[in-house]
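Taking it in order: structure first as structure tokens, then the write-up.
The values are calculated or read from the model by the stated rules, or taken from the named source; none is laboratory data. Note that this is a predicted model, so its numbers are computed, not measured. All Cβ positions, glycine included, derive from the backbone under ideal geometry; neighbour counts span all protein chains shown. Note: areas computed on protein heavy atoms with side chains; ligands, DNA, RNA excluded. Shrake-Rupley method; radii C 1.70, N 1.55, O 1.52, S 1.80 Å.
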Amino acid sequence: MNDVILKIRDLRVEFPDLVRNVQAVRGCDLELSSGEILGLIGESGCGKSVTALSCLGLVPAPGQVRGSIIVDGEEIIGASRQSLSKLRGGKVAMIFQNPGKALNPFFTIGRQMTDVICIHRTSSRSEARQVAVDALQSVRLPDPQVVLSKYPHQLSGGQLQRVMVAMAISCEPLILIADEPTTALDVTIQGQIIVLIRDLAQSRGLTVLFITHDQGVVASLCDRVIVMYAGRIVETGSPGDLFRRPAHPYTQKLVQTAPRLGRGKEDLEAIPGQVPDMRAPPEGCAFHPRCTYANELCRKVSPRTVTLGDNHTVACHLAQEHA
Ligand SMILES: Nc1ncnc2c1ncn2[C@@H]1O[C@H](COP(=O)(O)OP(=O)(O)OP(=O)(O)O)[C@@H](O)[C@H]1O
Ligand code: SF4
Ligand SMILES: [Mg+2]
């Protein structure tokens, strides 16, 4: 792996609430190397999407973001509106679960793609159209000219997600953030989009942050995986380390649910106990109310992150014993 292209330090995101703030992200450190495909997994509400949105300066008001996020040498937190809009779609592009919602129903695909390309790459409309055609070809959509003339409702979910990927790569971003890009698609199309992202990452040296609930996808696509729980990173490692030798009791539970390609969120939610209320996350280790190994220390003191081996880290007081 090469240079660090994204460096997050002590990221904290809170949303003001009536009595207590929602602590969506509670001190995350994360690094993404150039060309790496990093998977981000964890139960619903653990802070995956908020972490991703933070990297684009897109956390909705009145969310408060603190810490440091450096993209290709540039600090994002506190950056001006102008530099953030240059960053989005330029250095960092994002695709979402529901491509239909990300597109404007009243404009053709061509208009929307060329608008984005004109912001980041060229002021010439005809050049932008050619860039759009090339991008649609590289996501293997037949008849790009026809696709450009369509409105979003005239395309299938799988075609729309390919358009979103094409739009994302058309401005040659350094980083592609994909937030559950296949969840809304049927299984065959899911597989095709995964292969497409993997091929694009390899052929273009694209760096990818891939958020998913599907461990099968992570195992087949990612170089490294991060597991989040209650706004914190609890374990990182290669898919082999994480799925064959999980050290954190939470990761062990995730792995026991053994989701396969194409199976969704319900697998992760089979873990006994409740996902914590992020207005008042448990003290100490946030997983302690659901952990069979929890002791007095776990209930009081938040565990430090320790390194177990090559790129394998875990935040658990009993890490060595569980490794
Ligand atoms: N705009 C918002 N206002 C208030 N709270 C929010 C907002 N967005 C997210 N949250 C809260 O922040 C926490 C983290 O949410 P996030 O969307 O990052 O979860 P997630 O891990 O992406 O979950 P999922 O797997 O369901 O997509 C949750 O408790 C959520 O309710
Ligand atoms: S720190 Fe304690 S409660 Fe948390 S996962 Fe480890 S053993 Fe369980
Ligand atoms: Mg999410």
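Yes/no matrix, rows are residues, columns are (1) within 14 Å of ligand 3 (Cβ to nearest atom); (2) at pLDDT 95 or above; (3) open to solvent by 10 Å² or more (accessible area, probe 1.4 Å); (4) over 20 Å from Val59 (Cα atoms):
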site	(1), (2), (3), (4)
Met1	no, no, yes, yes
Leu6	no, yes, no, no
Asp10	no, yes, yes, no
Val19	no, no, yes, yes
Gln23	no, yes, yes, no
Asp29	no, yes, yes, no
Gly35	no, no, yes, yes
Ile41	yes, yes, no, no
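Could you check segment 58-127 for helices (runs of 4 or more DSSP H) lying wholly inside it with 1 or more residues that are touching a helix residue (DSSP H, G or I) at 6+ places or on another chain (Cβ under 7 Å) and open to solvent by less than 80 Å² (accessible area, probe 1.4 Å)?
Of the helices (runs of 4 or more DSSP H) lying wholly inside segment 58-127, those with at least 1 residues that are touching a helix residue (DSSP H, G or I) at 6+ places or on another chain (Cβ under 7 Å) and open to solvent by less than 80 Å² (accessible area, probe 1.4 Å) span 99-102, 109-120.
Scan segment 287-323 for residues that are farther than 21 Å from Arg245 by Cβ and among the acidic types (Asp, Glu) and jot them down.
Selection gives Glu296 alone.
May I ask you to list the residues in segment 18-51 that are more than 11 Å from ligand 1 (Cβ to nearest atom) and assigned to a loop (DSSP other than H, G, I, E, B)?
Those that are more than 11 Å from ligand 1 (Cβ to nearest atom) and assigned to a loop (DSSP other than H, G, I, E, B): Leu18, Val19, Arg20, Ser34, Gly35, Glu36.
When you go through Ala247, Ala184, Ala219 one by one, which is the residue that is buried (at least 24 other Cβ atoms within 10 Å of the Cβ) and either touching a residue at least 12 places away in the same chain (Cβ under 8 Å) or over 25 Å from Gly45 (Cβ atoms) (or both)?
Every option except Ala247 fails the conditions.
For segment 160-181, which residues satisfy the criterion of being free of Cβ contacts under 8 Å to residues at least 60 places away in the same chain and buried (at least 19 other Cβ atoms within 10 Å of the Cβ)?
Within segment 160-181, Arg162, Ala166, Ser170 qualify.
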